[in-house]
Amino acid sequence: MEHMHEGHHAHEQDEQHAHHEQHAHGAGGSVSWGTAARATLHCLTGCAIGEVLGMIIGTALGWGNLATMILAIVLAFLFGYALTLRGILAAGVDLRTAIRVALAADTLSIAVMELIDNGVIALWPGAMDAHLSEPLFWIVLAIALVAAFVITTPVNKWMIGRGKGHAVVHRYHH
């Protein structure tokens, strides 16, 4: 339990550092790649949870590729927003404001991530027909998520540097 508390404390320090770094540079200023990567990793976590859960549910229910992919995308957005909402609500922000902040902070990031990740899966030969029990499914999913992270990080860096995206979330982490 102590180790989890230390990890949480380190995460809070990282977020505070990113917050202070944003204020030091101001909107439109320079933002570190580390700050952008942390914001992207936050979105990627929610997306990955939603993607995998959607694929498991769609497969278990015997749905086709399109229906399963749509469910996975919807759940990716839902979990991405939920992770952001959790932090904002913990800061004492009312639900309506928290929802607006989460939508503003994550929509473009999650959309780019989902476009890249699902694009890789859709275009990879055999990936759409791979079953959860096959290594091809997990290998392509991992490659797709890495590609989504690499391509979305510069998007988040650009947004945070302009006071958008996760810069909006950091305003509530006092």
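Listing for the model above:
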read-out	value
Estimated FRET transfer efficiency (A91, N65; beta-carbon r; R0 35 Å; 0.05)	0.30
Amide N of region 117-141 lying under 19 Å from the label point, which is placed 7 angstrom from the Cα of I56 along Cα→Cβ	130-141
Calculated FRET efficiency for the pair R162/L132, C-beta based, R₀ 35 Å, to 0.05	0.30
Largest-first ordering by accessible area, 1.4 Å probe, given options K164, K157	K164, K157
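The values are calculated or read from the model by the stated rules, or taken from the named source; none is laboratory data. Because the structure is predicted, anything quoted here is derived from the model rather than measured. All Cβ positions, even for glycine, are placed from backbone atoms using ideal geometry, and neighbour counts span all protein chains on display. What goes into the accessible areas is simple: the full protein's heavy atoms, side chains included, and nothing from ligands, DNA or RNA. Shrake-Rupley method; radii C 1.70, N 1.55, O 1.52, S 1.80 Å.
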